[in-house]
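Reading through the structure tokens given below for one structure.
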Amino acid sequence: MTIGFDLGAMDEKGSVLGSLSSGAISLGQGATTSFVNARFDFGLTQYVKFYARGSYGKTSVKAAELSLVERVDNLTSGSFSIGLV
């Protein structure tokens, strides 16, 4: 059995969650994301392994000047997966 956790932060310059935009439809001038990931692996047999993964993140957006897109400030993201290998 294996259990793991990751904590991290990412500071983006000029993009928001990897998306690039500019001018009137700019989402922001950059963003800071804090995240936590968790993972769990369990060997059911010699050949079969169960796994579970989860992730949660919170993104703070640096507002873009002169954009028609307003009030993009705090975004949350999450994911979850389970499976057998």
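The values are calculated or read from the model by the stated rules, or taken from the named source; none is laboratory data. Model, not experiment: these values are computed from the prediction. Cβ: placed from backbone, ideal geometry, glycine included. Neighbour counts: every protein chain shown. Remember, those area values only see protein heavy atoms, side chains included, never the ligands or the DNA or RNA. Shrake-Rupley method; radii C 1.70, N 1.55, O 1.52, S 1.80 Å.
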Checklist entry - Dipole magnitude of the chain about its Cα centre, charges +1 at Lys/Arg Cβ and -1 at Asp/Glu Cβ only, in debye to the nearest 20? => result 240 debye
Checklist entry - Suppose R0 equals 25 Å; then what is the FRET efficiency for residue 36 and residue 84 from their Cβ-Cβ distance, rounded to the nearest 0.05? => result 0.50
Item to check | Candidate lysines - alpha carbon under 19 Å from residue 13, same-chain residues fewer than 8 apart omitted | outcome: 58, 62
Checklist entry - Among 19, 55, 34, which one moves the most in a GNM of the chain with springs linking Cα atoms closer than 10 Å? => result 19
Checklist entry - Once fully extended, how much extra length lies between residue 11 and residue 58, figured as 0.36 nm per residue of separation less the alpha-carbon to alpha-carbon distance? => result 15.7 nm
Checklist entry - How much net charge surrounds residue 1 when only other residues with a Cβ under 13 Å from its Cβ are counted (Lys, Arg +1; Asp, Glu -1)? => result +1
Checklist entry - How large is the accessible surface per residue of the chain, computed with a 1.4 Å probe and reported in Å² as a whole number? => result 72 Å²
